[in-house]
Each structure stands twice: as C-alpha cells, then as structure tokens.
Amino acid sequence: MMKINTEKTELEKKDELCIDTVLDTKEGRWLFMRLMEVTGFYQPSFNADPVKMAYQEGKRAVGQYLLYELTRTEDRITKKQLAENEYMTEKKILNKEV
C-alpha cells in the first residue's frame, strides 16, 4: 500500500502564514477582493475569439486559486465574508467621491 505524504513543505507553510497575515489586515482583505474582481472570476469568460477566451480563462484560473485559498479553513471563510462586506462598503464610498 502506498503511503501518502501529508506533511506540508516549508514553502506551503510560508504561503499559509503569509495568506493568513494578509487576511488579518483590512488592506490585505481589500487586496484579495480587488484581485478577485480584476481576474474576472465572477464574470463569464466566453468570447467568440478563442485567444481572448483563453486569456480570460487564464485570469479566472488565478481567481479560482484565490478562492481556494480564501475558503480552506473556517477562519479564512469568516475573513472572506468580512472582506466582501468591507470591499463593497469601501467601493460605494469611493464611487461617490468620483
């Protein structure tokens, strides 16, 4: 029977520490939400031009990774929900200033 290695590498541990550190700040949560928006994750990516569609799907893949990281633990899900609320509130304020 094959043994599966479940130990995290030093790189994975560093990634997790950094993501959690970023999510602990309002600015870091803003950045995650801004990146989700910029990647077009919540938008359809269909385009009749296959090159444009491939480009958009590549951006969406980054959004999928971010969402995966944002929902890996219960604590991160809570911070994601906080980030979404903060992001929408801040965007409303910024849009009124324009």
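The values are calculated or read from the model by the stated rules, or taken from the named source; none is laboratory data. Just so it is clear, the structure is predicted and the values come from calculations on it, not from any experiment. Counting neighbours? That spans all protein chains shown, and the Cβs are built from the backbone with ideal geometry, glycine included. When the accessible area is computed, the model is the full protein with side chains, heavy atoms only, and any ligands, DNA or RNA have been set aside. Shrake-Rupley method; radii C 1.70, N 1.55, O 1.52, S 1.80 Å.
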Seminar exercise, completed: Checking rank on 37-50, 18-31, with mean other Cβ inside 10 Å and highest first, the result is 18-31, 37-50
Exercise. Quick one: which of 60-66, 7-13 comes out on top by average Cβ neighbours within 10 Å, and what's the full order, highest first?
Worked result: 60-66, 7-13
Problem set entry | Largest-first principal axis extents of the Cα set of the chain (Å) | 59, 38, 19
Problem set entry | Solvent-accessible heavy-atom area per residue, rounded to whole Å², over segment 26-95 at 1.4 Å | 69 Å²
Problem set entry | Residue-by-residue Karplus 3J(HN,Hα) for segment 60-66, coefficients 6.51, -1.76, 1.60, Hz, glycine and proline x | 5, 4, 5, x, 5, 4, 4
For this session: Would you work out the relative contact order for the chain, in percent, from Cα pairs under 8 angstrom that are 6 or more residues apart?
Result: 30 percent
Seminar exercise, completed: Label model pair V38, K91: point-to-point distance (7 angstrom along the Cα→beta-carbon line) in nm is 1.5 nm
Exercise. With all protein chains present, how much of the accessible area of the chain (probe radius 1.4 Å) comes from carbon and sulfur, to the nearest whole percent?
Worked result: 60 percent
